[in-house]
């Protein structure tokens with residue numbers, strides 16, 4: 001398993017060694033978990049001395065926080081970048097495409113963001129939770145507007161939003177960039193599924209995705 005190329009090319013801010021350490025930490029945390037990973041594991045994987053990590057971060061937990069904060073912020077930015085043309089159904093579709101495509105393209109970082117949060121210090125966890133609330137709020141507003149416009153038929157908006165979110169979040173457990181479906185294809189397919197879940201079938205269904213492999 002390798003860190004996805006976009007997570008090296010401009011994903012992280014800072015010097016080359018800082019970027020290398022973050023990329024290595026993503027791999028280590030995704031493979032063995034935060035607690036089982038040592039700072040030596042992170043530095044050795046990129047040919048740096050054990051003390052090199054502390055030049056850029058005060059602790060291993062600070063590395064995890066930077067990964068979680070950056071990952072959540074970039075996924076939120078991806079949602080906010082989607083234009084709202086006034087068509088609530090089309091807007092929701094674009095949001096889900098962005099949600100799923102981002103999580104597929106950055107599945108390794110996203111897996112760490114989703115499954116290692118319990119290791120964060122309370123003040124760092126609070127920052128990430130705020131980002132998660134903003135992320136959820138973007139989707140909730142889109143679903144609420146679709147309901148108000150009479151385009152979506154859901155008995156509970158919050159439950160519907162959690163179900164839509166799960167489409168992007170769950171795939172980080174199994175998705176591989178070298179699999180049958182590129183991020184954009186699975187994004188379109190899952191967005192069509194989201195519309196069906198909300199009681200508003202798409203006019204044109206995207207190509208059927210292949211089952212996960214590996």
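The values are calculated or read from the model by the stated rules, or taken from the named source; none is laboratory data. Predicted, not measured: the structure shown is a model, and the values here were computed from it. In this analysis, Cβ positions are derived from the backbone assuming ideal geometry, glycine residues included, and neighbour counts consider all displayed protein chains.
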Checklist line | Selection count where residues are closer than 19 Å to residue 192 by Cβ and in a loop (DSSP other than H, G, I, E, B), scope the stretch 71-84 | finding: 1
Notebook entry, point to check: Exactly one of (1) more than 10 Å from the chain's Cα centre (by Cα); (2) modelled with pLDDT of 95 or more is unmet by residue 103. Its number?
Noted result: (1)
Check: Which ones in the stretch 149-166 are at pLDDT below 95 and out of contact with any helix residue (DSSP H, G or I) (no Cβ under 7 Å at 6 or more places or on another chain)?
Finding: 150, 153, 155, 166
Notebook entry, point to check: Within the stretch 115-127, is even one residue in contact (Cβ under 8 Å) with a residue 60 or more places away in the chain, surrounded by 16 or more Cβ atoms within 10 Å (Cβ to Cβ) and farther than 20 Å from residue 72 by Cα?
Noted result: no
Notebook entry, point to check: Just a yes or no: is a residue in the stretch 94-101 surrounded by 14 or more Cβ atoms within 10 Å (Cβ to Cβ), out of contact with any strand residue (DSSP E or B) (no Cβ under 8 Å at 6 or more places or on another chain) and not in a helix (DSSP H, G or I)?
Noted result: no
Item checked: When residues of the stretch 130-176 are limited to those that are closer than 16 Å to residue 94 by Cβ and more than 20 Å from the chain's Cα centre (by Cα), the one surrounded by the most Cβ atoms within 10 Å (Cβ to Cβ) -> 146
Next item on the list: All but one of (1) surrounded by 13 or more Cβ atoms within 10 Å (Cβ to Cβ); (2) free of Cβ contacts under 8 Å to residues at least 40 places away in the same chain; (3) not in a loop (DSSP other than H, G, I, E, B) hold for residue 22, so report the exception by its number.
Entry: (2)
